[in-house]
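Q: Okay, handing you the structure first.
The values are calculated or read from the model by the stated rules, or taken from the named source; none is laboratory data. Bear in mind that the values here come from a model prediction, so they are computed numbers and not experimental data. Please note: Cβ atoms are built from the backbone with ideal geometry, for glycine as well, and neighbour counts cover all protein chains shown.
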Amino acid sequence: MTEDLIATALSTATDTKAIVHGRGVVDRTGDVFAEQFPGRRGIVVADGNTWDLAGEAVTASLRAAGIDLDEPYVFPGVPTLYAGYENVELIREHLRGTDAVACSIGAGTLNDIVKLASGELERPYMNVCTAASMDGYAAFGSSITKDGFKITRNCPAPTALVADLDLMATAPQRLTATGFGDLVEKVPAGADWIVSDILGVEPVDEYVWGLVQGPLRESLSRPADLATSDPDALAGLAEGLLMSGLAMQAHQSSRPASGAGHQFSHTWEMEGHGLDWEPPLSHGFKVGLGTVAICALFEVALTKDVPGINIDALVTAWPSREEMEARVRAMHTAERAAPLVEPAVEQTLKKYLEPEELRARLELVVEQWPTIVSRCREQLVPAAEAREMLRAVGAVYHPEQIDIDMERFRLTYYRAQTIRSRYTILDLLLEVGLLEECVEELFGPDGYWARDDAR
Ligand SMILES: [Zn+2]
C-alpha cells in the first residue's frame, strides 16, 4: 500500500486519526489504542468467528501496551451476525455499563454495529479489520436494518483502524470478492459525478476525487490474484477500499464512492432481497452487478444523438410534480417494495425540475454533450470488462446468480432512478427522454443482457 496516499487522506479526515496497515500489524493494536485513547480502559468486541481469528492476538497486544481490559463481548458466530438495530442496542447497553472504549474485530457488520453503538454513546472506538469486503471501515455513518429495512444512520467513523493483510487474507474468499464488487462501482460512479459536474448539479471536488480515483485502477488490476487471496493484490484492494471510506469522510457524503450502480443494490436491499439468506446476500455482490448494469447503460447512452432531441416537445411532455409522484408510486407496487415507496417519493421530488428548469437543463445537455461523451468514455470501462473482472474474482455479474429474474432486473433500471436524489446517468436519460429506449435496447436482440456471454 502507498503510505503517502493514506497519510494524506488522514490529514483531512474529520474522525479517523490513525490507520496502521500491512502484513502482521495486528501486534500494533495495543500501541495504537494507547496513543489514541490515553488512560482509557478497553473492551474487545467480536463475534465467534472474528474472535477465533484474532481475539487472542488483539487481547495480547492490548495487554502488552498496558491497557486495562473489560471481559470481551463476543456475539455468536453462527448464524452470521446480522447488522440489525437490536444488535446495536445490545452492545450499546453493555457499553453503557462501563467507561471502556471498544476495540472491535470485524468487517462490515461488526464495524457498523459498534460504530453506531459507540456513536450513540458519543464515545470513540477503533476497529481491527478482518476482511477486504467493503469500503465502510473509514466511512462515517452506519448501514443498519431496522424494522425490516436498511437505514443509514449518521455517526462518526472510527478513530483508528488496524488492517493486517495476513489476517484479512484468511477471510473467506467471497468476502474479498464482495469488496471488489463494492470498489469497481467507483468507476461508473465517477462518470455519474462527471455528468453531474458538467451540468452544474454537483461539482467534482478535485481533492476528494483524487482520493478515490487515484489508486482505483491499480486496486482493481488483479482480480484473478484476489481469487487466491494473494497478499499483494489484497493490499491493493484494501487500500482502494480504505481510501474510498476516507474520501466519503472528507466529503461528508457518499457521492465520491456511490453512483447509479449502488442504487441498484440499495433498491434490492430496501426490498429486503437476500437479507434472510445464510449468509445474507452481500452489499458488494449486488453493487458489482449494478456496475455491469450501469456500464452497459452508459455504453448505449453515449452513442445516442442527444443534441438531436426536441426540447420543446420534452418540456411539454414533462410530468408535473403530482404526475411524477404518481409515476413513482406506480413503479413500486410489489408487497416487498412497501418500505420503499415513501422514501422514493421524497427523494424523487427533491430532485424534481419544474418545466422551465428542465428546459435550461436540456439546453445545457445539448451544448455539453460532446464533453460528456468524451469525459465519460475516458472514465468508464466496457460492461464486458467489468463482467470479466467480477467473474475472475468470483463475484456476481448476472442477475440470475442472485435470484433476480430478468423482468425484475429490467424494471430495476427504472426503480433505481427514483430512490435517491443523487443525480446520475439515470436522471440524465430520463430528462432527455431516452431512458426507456436505452434500457429496452439492452434487453432487446443484440442488447447486452440478451447476449449469451453476459452469463
Ligand atoms: Zn458500497
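Q: Select, from Val187, Val195, Val208, Val212, the only residue that is outside the structural domain of Thr29 (by TED's automatic domain parsing), touching a Lys or Arg at 6+ places or on another chain (Cβ under 6 Å) and more than 30 Å from Asp52 (Cβ to Cβ).
A: Val212
Q: Looking only at residues in segment 248-260 that are more than 11 Å from the ligand (Cβ to nearest atom) and at pLDDT below 95, which one is surrounded by the fewest Cβ atoms within 10 Å (Cβ to Cβ)?
A: Applying the filter and picking the extreme gives Gln252.
Q: Under 9 Å by Cβ, and 6 or more places apart or on different chains, what pairs join a residue from segment 169-183 that is on the phi > 0 side of the Ramachandran plot with one that is of a type outside the set (Lys, Arg) and within 12 Å of the ligand (Cβ to nearest atom)?
A: Close Cβ pairs (under 9 Å, with a partner that is of a type outside the set (Lys, Arg) and within 12 Å of the ligand (Cβ to nearest atom)) do not exist here.
Q: Follow-up. So, of the residues in segment 297-331 that are more than 30 Å from Leu390 (Cβ to Cβ) and basic (Lys, Arg), which turns out to be surrounded by the fewest Cβ atoms within 10 Å (Cβ to Cβ)?
A: Only one residue fits best here, namely Arg321.
Q: Could you list, in sequence order, all residues of segment 347-369 that are charged (D, E, K, R), part of a helix (DSSP H, G or I) and either surrounded by fewer than 16 Cβ atoms within 10 Å (Cβ to Cβ) or assigned by TED's automatic domain parsing to the domain that holds Ile151 (or both)?
A: Lys350, Glu356, Glu357, Glu363, Glu367
Q: Same structure, new question: For segment 279-296, indicate whether the set of residues that are surrounded by fewer than 18 Cβ atoms within 10 Å (Cβ to Cβ) and over 22 Å from Glu400 (Cα atoms) is non-empty.
A: Checked against the condition, which is being surrounded by fewer than 18 Cβ atoms within 10 Å (Cβ to Cβ) and over 22 Å from Glu400 (Cα atoms), segment 279-296 yields no hits at all.
Q: Here is a further query. Looking at (1) under 17 Å from the mean Cα position of the chain (by Cα); (2) more than 15 Å from the ligand (Cβ to nearest atom), which one does Asp232 not meet, given that it meets all the others?
A: Status for Asp232: all satisfied but (1).
Q: Looking at (1) of a type in the set (Lys, Arg); (2) over 30 Å from Glu269 (Cα atoms); (3) touching a Ser or Thr at 6+ places or on another chain (Cβ under 8 Å), find the lone condition where Lys350 falls short.
A: Answer for Lys350: the failing condition is (2).
Q: Quick test for you: out of Ala386, Ala344, pick the one residue that is under 30 Å from Leu226 (Cβ atoms) and touching a helix residue (DSSP H, G or I) at 6+ places or on another chain (Cβ under 7 Å).
A: Ala386
Q: Looking at segment 116-133 only, could you name the residues that are within 19 Å of Gly55 (Cα to Cα) and part of a loop (DSSP other than H, G, I, E, B)?
A: Thr130, Ala131, Ala132
Q: What are the residues in segment 332-346 that are in a loop (DSSP other than H, G, I, E, B) and surrounded by fewer than 16 Cβ atoms within 10 Å (Cβ to Cβ), if any?
A: Passing the criteria: Thr333, Ala334.
Q: Another question, then. Whether any residue in segment 261-275 is in contact (Cβ under 8 Å) with a residue 12 or more places away in the chain, touching a strand residue (DSSP E or B) at 6+ places or on another chain (Cβ under 9 Å), over 19 Å from Val208 (Cα atoms) and within 11 Å of the ligand (Cβ to nearest atom) is what I want to check.
A: yes
Q: Need the failing condition index for Asp205 against (1) more than 21 Å from Tyr414 (Cα to Cα); (2) within 16 Å of the ligand (Cβ to nearest atom), just the number.
A: Unmet condition: (2).
Q: Further question on the same structure: Residues to consider are Ala160, Ala117, Ala132; find the one that is of a type outside the set (S, T, N, Q), within 16 Å of the ligand (Cβ to nearest atom), out of contact with any Pro (no Cβ under 6 Å at 6 or more places or on another chain) and more than 16 Å from Met248 (Cβ to Cβ).
A: Of Ala160, Ala117, Ala132, the one residue that is of a type outside the set (S, T, N, Q), within 16 Å of the ligand (Cβ to nearest atom), out of contact with any Pro (no Cβ under 6 Å at 6 or more places or on another chain) and more than 16 Å from Met248 (Cβ to Cβ) is Ala132.
Q: Now for a separate question. Among the residues in segment 125-138, are any closer than 24 Å to Lys186 by Cβ and of a type in the set (Phe, Trp, Tyr)?
A: Looking for residues that are closer than 24 Å to Lys186 by Cβ and of a type in the set (Phe, Trp, Tyr), one finds at least one in segment 125-138, hence yes.
Q: Residue under question is Ser219, and the condition is that it be within 12 Å of the ligand (Cβ to nearest atom), of a type in the set (S, T, N, Q) and crowded, with 20+ Cβ neighbours inside 10 Å; does it hold?
A: Taking the combined requirement at face value, the residue does not satisfy it.
Q: For segment 165-187, what are the residues that are within 16 Å of the ligand (Cβ to nearest atom) and touching a Leu at 6+ places or on another chain (Cβ under 8 Å)?
A: Thr176, Ala177, Gly179, Phe180, Gly181, Asp182, Leu183, Val184, Lys186, Val187 - these are the residues of segment 165-187 that are within 16 Å of the ligand (Cβ to nearest atom) and touching a Leu at 6+ places or on another chain (Cβ under 8 Å).
Q: Further question on the same structure: Restricting to segment 370-409, what's the tally of residues that are within 26 Å of Gly308 (Cβ to Cβ) and in a helix (DSSP H, G or I)?
A: Residues meeting the conditions: 11.
Q: Considering segment 134-165 alone, what residues qualify as being assigned to a strand (DSSP E or B) and closer than 29 Å to Pro231 by Cα?
A: Residues satisfying the conditions are Ser142, Ser143, Ala160, Leu161, Val162, Ala163, Asp164.
Q: State all residues of segment 264-286 that are of a type in the set (Phe, Trp, Tyr) and farther than 17 Å from Ala107 by Cα; if no residue qualifies, say none.
A: Residues satisfying the conditions are Phe264, Trp268, Trp277.
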